[in-house]
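The values are calculated or read from the model by the stated rules, or taken from the named source; none is laboratory data. Predicted model only: the values in this text are computed from it and were never measured. Neighbour counts run over all protein chains shown; Cβ positions are idealised from the backbone, glycine included.
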Amino acid sequence: MTFIIALTKPTIDIFDAESVDDFDFHSAYDTLKYEAQGLKTVVTDQADYYDYDPGYPPIIPPRYYHYTVDTIEHGLEYIPYFAGYFHLSGTIACQCPWAFGDAGFFGYQSVFADDIYLYFVTHFTSTSNSGNVESDFSYRIFKNDIGL
Amino acid sequence: MTFTLDLTKKGVDVFDGGLTPNDYLLKLNLNTFKILAKLNYFDLTVSGNPTTFTQSHSFGYAPNFYAFCRFPDGKVAMAGPLSFPYDRDTRVLFTGPSFTPEVDSSNFYFILDKPGANYNVDIALYVFEVEL
């Protein structure tokens, strides 16, 4: 005999349930399970630019190329289901990867994973070769092994 | 009589009046995000620009889904533009491959650009409940 645990939504008789969405919980279906969540700020020292383009002044100003990767160790020893979001501003975040390009300038932010780390990548051009730029990310890690 | 079933995380008092959904392992009235299917694909060769891998399904509607792609550098990327490589030393800005999953009522489509030589990828697909 096979047993299941099934809980329907409050207004649905369990014997009338027809859709998986009628259940708040059903033991036949796996779910995403939280492992960790948090914020990660990646700091780019603009003095450490890796390339320079003189541009075409005064139309396109000189550009410095910046690329920074920072990590967190998730410690799961497999590649987990994960999600990453880049904070465009104090109130707006977008799902990674995020890419923008205009008039010779670009910005690219993304989050990658392997079986040890999450990698937070920020890659952009700016007109400055000094000072720090902070790229803020939010992340979610689930215990689910994606199997890769 | 109305029944409820609330299971809080270890260390959280289920009778605490100020709990948030994240304090519960399971709470009746909060639908769990059920996984209907999970599929993995290995060593798919991207040989055309773009290359589309198609997986049929029988849901009869376009389901909620998410997919990940592992590129030759070993890093797993979320779906979107410029997925590979993550290392800027070999990146060709704004011409790197993008990983674009799509779905309709019959198929999943995994679309990958090939700006240079052929390369192989692995893909993980999650299908969640509820029609898009």
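Just checking, does the stretch A:54-61 include any residue being more than 20 Å from A:S110 (Cβ to Cβ), hydroxyl-bearing (S, T, Y) and either within 13 Å of another protein chain (Cβ to nearest Cβ) or in a loop (DSSP other than H, G, I, E, B) (or both)? Walk me through how you get there before you give the answer.
Step one: of the stretch A:54-61, the residues more than 20 Å from A:S110 (Cβ to Cβ) are A:54-61.
Then keep just the ones that are hydroxyl-bearing (S, T, Y); that gives A:56.
Filter once more, keeping what is either within 13 Å of another protein chain (Cβ to nearest Cβ) or in a loop (DSSP other than H, G, I, E, B) (or both): none.
No, the stretch A:54-61 contains no residue that is more than 20 Å from A:S110 (Cβ to Cβ), hydroxyl-bearing (S, T, Y) and either within 13 Å of another protein chain (Cβ to nearest Cβ) or in a loop (DSSP other than H, G, I, E, B) (or both).
Here's the yes/no breakdown for (1) in contact with an Asp or Glu (Cβ under 9 Å, 6 or more places away or on another chain); (2) closer than 20 Å to B:V121 by Cβ; (3) not assigned by TED's automatic domain parsing to the domain that holds A:D53:
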| position | (1), (2), (3) |
| --- | --- |
| A:F86 | yes, no, no |
| A:S89 | no, no, no |
| A:C94 | no, no, no |
| A:F106 | no, no, no |
| A:A113 | no, yes, no |
| A:L118 | yes, yes, no |
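Go through the stretch A:10-38 and give me each residue that's touching a Phe, Trp or Tyr at 6+ places or on another chain (Cβ under 7 Å) and in contact (Cβ under 8 Å) with a residue 12 or more places away in the chain.
Going residue by residue through the stretch A:10-38, those that are touching a Phe, Trp or Tyr at 6+ places or on another chain (Cβ under 7 Å) are A:17, A:20, A:31-35, A:37-38.
Correct list: A:L32, A:K33, A:Y34, A:E35, A:Q37, A:G38.
Is it true that A:D48 is at negative phi, charged (D, E, K, R) and surrounded by fewer than 13 Cβ atoms within 10 Å (Cβ to Cβ)? Before you say what the answer is, go through the steps one by one.
Working: at negative phi: yes; charged (D, E, K, R): yes; surrounded by fewer than 13 Cβ atoms within 10 Å (Cβ to Cβ): yes.
Criteria met by A:D48.
If you go through the stretch A:13-20 one residue at a time, do you hit one that is part of a strand (DSSP E or B) and either surrounded by fewer than 15 Cβ atoms within 10 Å (Cβ to Cβ) or of a type in the set (F, W, Y) (or both)? Step through it out loud before you land on a result.
Keep residues of the stretch A:13-20 that are part of a strand (DSSP E or B), which gives none.
Scanning the stretch A:13-20 turns up no residue that is part of a strand (DSSP E or B) and either surrounded by fewer than 15 Cβ atoms within 10 Å (Cβ to Cβ) or of a type in the set (F, W, Y) (or both).
Mind checking whether some residue in the stretch B:73-80 is part of a strand (DSSP E or B), away from chain A (no Cβ under 13 Å) and touching a residue at least 12 places away in the same chain (Cβ under 8 Å)?
Going through the stretch B:73-80, the residues part of a strand (DSSP E or B) turn out to be B:76-78, B:80.
Now narrow it down to the ones that are away from chain A (no Cβ under 13 Å): none.
Looking through the stretch B:73-80, none of the residues is part of a strand (DSSP E or B), away from chain A (no Cβ under 13 Å) and touching a residue at least 12 places away in the same chain (Cβ under 8 Å).
How about the stretch B:10-62: which of its residues are touching a residue at least 60 places away in the same chain (Cβ under 8 Å), more than 14 Å from chain A (Cβ to nearest Cβ), over 16 Å from B:V103 (Cα atoms) and part of a loop (DSSP other than H, G, I, E, B)?
Within the stretch B:10-62, B:S47, B:G48, B:N49, B:P50 meet the criteria.
I'd like the full set of residues that are in contact with a helix residue (DSSP H, G or I) (Cβ under 6 Å, 6 or more places away or on another chain) and surrounded by fewer than 16 Cβ atoms within 10 Å (Cβ to Cβ), limited to the stretch B:10-51. Steps first, answer last, please.
Residues of the stretch B:10-51 that are in contact with a helix residue (DSSP H, G or I) (Cβ under 6 Å, 6 or more places away or on another chain), as a first pass: B:12, B:30, B:34.
Passing the criteria: B:V12, B:L30.
Within the stretch A:70-109, track down each residue that is farther than 22 Å from A:F142 by Cα and within 17 Å of the chain's Cα centre (by Cα).
Filtering the stretch A:70-109 for residues farther than 22 Å from A:F142 by Cα gives A:88-92, A:99-108.
Of everything in the stretch A:70-109, those that are farther than 22 Å from A:F142 by Cα and within 17 Å of the chain's Cα centre (by Cα) turn out to be A:L88, A:S89, A:G90, A:T91, A:I92, A:A99, A:F100, A:G107, A:Y108.
Quick check: anything in the stretch A:59-80 touching a Lys or Arg at 6+ places or on another chain (Cβ under 6 Å) and more than 30 Å from B:I35 (Cβ to Cβ)?
Taking every residue of the stretch A:59-80 in turn, at least one turns out to be touching a Lys or Arg at 6+ places or on another chain (Cβ under 6 Å) and more than 30 Å from B:I35 (Cβ to Cβ).
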